[in-house]
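Okay, structure first, notes after.
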Amino acid sequence: MTLHLRRTIIFLSLLTVAAGASAPPSSADERLLLDWDQAVERLRVTDLQGREITELTQPRQEQGRISVAVPESRAFVIKGDEIETRRVTSDQPLILPNGMVIPLPSPDTETADRAADEPLPLTAAWLRLTLAASPIPAVWNPLSGAYHTELSFGLQPSEERLITGLELEHPVEVRIRLRGLTIQDTLPPLRIDGPGLAHEQTLRLSFLPSTPNPTLEVRSTISDVNLELEVLPRLELRPATRRVLGLGLESVEVTLVRVAPHGMPLPTEQHTDVVLTLDGGGRIETGAVHFAPGQATSSFSLRSSGLAPINVSAFTGSLSSETVIQQQFPWGPILAALFGGALSGYGRRFIKGARQALTRRRLVEGLLVASIAYVAGVLGVGYLGLPGAAVATEAGAFLTGALTGFIGVNVLETLSSSGHRRSH
């Protein structure tokens, strides 16, 4: 069998791109067979400088596929005339549309000299841009107040054996524009030098969607595509205030909101229970928390306890949220109560017949009684009729200290006078 005849037989095995098969060397009319879901009229072929070479490659329809001629030693790019939109819904690598054909050097050895199990030499490689995103759907990070995911772009050839040794004349450049989402920093262009894991380029994306379909507009040397990112809704804990008086003196109303990725309230379709956990103090004053059907908000009351920060966490299904409420020592109410007690003790000296020499003692007695009354209010001792809310503000604490101090000093003086008379 002559060498020319052997090459003619080899030519009959065409390179199948979508199936991962590659054609052997052939004659000058060698063609590359592609799986393509668009009509041949919507296909554009350009060289690496962007010049149209569709006539040179002669694309045509063959058996439900499209084939193109492969010019020797000349790489070219195949794209559709419209930019596709695809939705990224899983972390599995996604092969992006379009690609680049790279002719390969002719083998140095004759085909007849090859071993029976040695693969046929390749004459062209079909290179595709790939994307892997993780996590997808993108998840909410409550610490940064943004969604985050990592995007890894790489190149995949038509044959696995081409990953090592395939050299690109120019790196593939990838640029990303944003539509419907905002980020803090600009995204740098990525340059991919070759196929395989070693050449993948990864960037971390922290973003806030502004529309229901946040989209990345990917523009590269070999592929143009719009990618819609799937994003999970989130929970938001919104306390009326993030600082409360500790020791049980104050409560705060907390609203729990189910939010769509772009910030709009997202009503539930059915009754949804919410699990709440507290760490560091505090206690929930309301009953079980849930979202009613058709509702996007729920609320509960949280009373302080102790002085440590209260870490509030909410869970429902795969969604969660957390917030921190700081508890403050009630310096203002305490000082107001003591001042009221001291003032009421000092005021006793202006009562007709009061002994002026006992003024200092009355001050001490007023402070002591006001302190006891304030602690009783903190503990919620109903016996004295002093609810916690009465001593939670400076005005209430001052009034509590003044009244209890004035009454207490009178009681102490009465008891002291009675004891003094009995002793005589």
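The values are calculated or read from the model by the stated rules, or taken from the named source; none is laboratory data. Fair warning: this is a prediction, and the values are worked out from it, not measured in the lab. As a convention, Cβ positions derive from the backbone with ideal geometry for all residues, glycine included, and neighbour counts pool all protein chains shown. With ligands, DNA and RNA removed, areas are computed over all heavy atoms of the protein, side chains included. Shrake-Rupley method; radii C 1.70, N 1.55, O 1.52, S 1.80 Å.
Residue ranges 93-99, 153-159 sort as 153-159, 93-99 when ordered by packing (mean number of other C-beta atoms within 10 Å per residue, highest first). Here the contact order of region 237-284, divided by its residue count and restricted to Cα pairs under 8 Å and six or more residues apart, works out to 28 percent. Sorting H170, H148 on solvent-accessible area from highest to lowest, probe radius 1.4 Å, gives H170, H148.
A protection proxy built from the mean count of other Cβ atoms within 10 Å ranks the segments 257-267, 328-338, 79-89, most packed first, as 328-338, 257-267, 79-89. Per-residue packing, averaged as other Cβ atoms within 10 Å, sorts the ranges 137-143, 184-190, 225-231, 341-347 into the order 341-347, 225-231, 137-143, 184-190, beginning with the highest. Counting only protein heavy atoms and using a 1.4 Å probe, the accessible area of Y374 comes to about 20 Å². Between amide H atoms placed 1.01 Å from N, distances below 5 Å from G306 occur with L247, G248, all of them 5 or more places distant or on a separate chain.
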